[in-house]
1. For segment 225-321, calculate the relative contact order in percent as a whole number, restricting contacts to Cα pairs under 8 Å that are 6 or more residues apart.
2. Please work out the ratio of the alpha-carbon Rg of segment 148-288 to 2.2 N^0.38 Å and round it to two decimals.
3. Percent of alpha carbon pairs in the chain separated by more than 29 Å?
4. Using a simple spin-label model with points 7 Å from Cα along the Cα→Cβ vector, what separation in nm is obtained for W69 and D102?
5. How do S253, S106 line up, fewest other C-beta atoms within 10 Å first?
6. Taking K and R as +1 and D and E as -1, what net charge do the other residues with C-beta under 14 Å from the C-beta of H121 add up to?
7. Tell me the Rg and the Dmax, in Å, that the Cα atoms of segment 225-321 produce.
8. In whole Hz, what ³J(HN,Hα) sequence does segment 262-269 give by Karplus (6.51, -1.76, 1.60; θ = phi - 60°), x for Gly and Pro?
Amino acid sequence: MALVRAVVRAYQRRGADPGRVLQEARIAPEDLDTPGARITARQMEILSGAAMQELDDEALGWFSRRLPWGSYGMLCRASLTSPTLGVALKRWCRHHRLLTGDVLLSLAMEGGVATLSVEEHRHLGELRELCLVTMLRYVHGYACWAVDSRIPLLRVAFPFGAPPHASAYPHMFPGPVAFGEARAGFSFDAHYLALPLRRDERDLQAMLERALAFTVFHYRRDRLLVRRVRELLRRKAGEVRTAGDVARFLHVSVRTLHRQIREEGSSLQALKDEVRRQLAVELLSRGQRSVKQVAWDVGFRSEKSFARAFRGWTGSPPASQGPTRST
């Protein structure tokens, strides 16, 4: 409801009455002051869209100038011909400067992590939270739509203290959220930047008819999930033993994990066997650790079960994989 109150303040700044849009979104005026009151994602979509059109300002009063209805659609269209998501996001950041200089968007990459940041050049006042939350959801929603994939967030940051309704943030951002940071932004695996865009003009027209849905609903399919599972299993082989462990590290449900891996023509057990076999062969070939130590390193609780699995993978016992010694 705090986000609804921010929309109402945008109306008050313009000397306008928000009654019609509240009614359209089926939000009772008396609920505005009810502690802990919540709305659905669909209600927020209806409210925001109606308010932006009625005020003819997609920024809802955040910035020193209005952003006429269709401004963010223009950013989507300007990035649509990009060969990859990385190029599209860089274009989005560059073109956003044409809309306003009050905030500066930038994309940076370091150590395999991509970070999109918002640098504030103007005091955003009481609408600051709504502005930063909505802008990050705009960019993340567009990015997911453009490559037709869920893009999990490694971290989401906001430059203000945790609000009373902080528990609502995980529903808006699929990843860990931190408050009191230097600036707003989100980070994700840089591999997603290499994904090609999978949309055309017809898709864009259809999306723009309900563009705000992408600021409140999350994609279910992750086109890089199998690769992320492989990397996790390799990096934390000794810690990740069950589907629940994998799901927790990747911030998805166990059901979603199994479903998406199945849609890619594989299974979690097959991926575990593949990664464990590769890692075990590498470790054994170095000859620096005993078979028992390697068994534990790749996620087995006993040397016997590891030996049995290894023989099933390779047809040979683990001891046969040691380094070749010259005579």
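1. On the way: 85 pairs, mean separation 25.5, N = 97.
Reported relative contact order: 26 percent.
2. Working: Rg = 18.2 Å, N = 141, 2.2 N^0.38 = 14.4 Å.
Normalised by 2.2 N^0.38 Å, the Cα Rg of segment 148-288 equals 1.26.
3. On the way: 25588 of 53301 pairs.
Summing the P(r) of the chain above 29 Å gives 48 percent of all pairs.
4. 2.0 nm
5. Details: S253 13, S106 16.
Result, fewest neighbours first: S253, S106.
6. On the way: positive: R65, R97, R122, R128, R183; negative: D102, E119, E120.
Here the count lands on +2.
7. 13.7, 39
8. Computed from phi, the couplings for segment 262-269 are 5, 5, 8, x, 9, 9, 4, 5 Hz.
Coordinate-derived values only; no laboratory data. Quick caveat, the model's predicted, so the values are computed rather than measured. Positions of Cβ are backbone-derived with ideal geometry, glycine not excepted, and every protein chain shown enters the neighbour counts.
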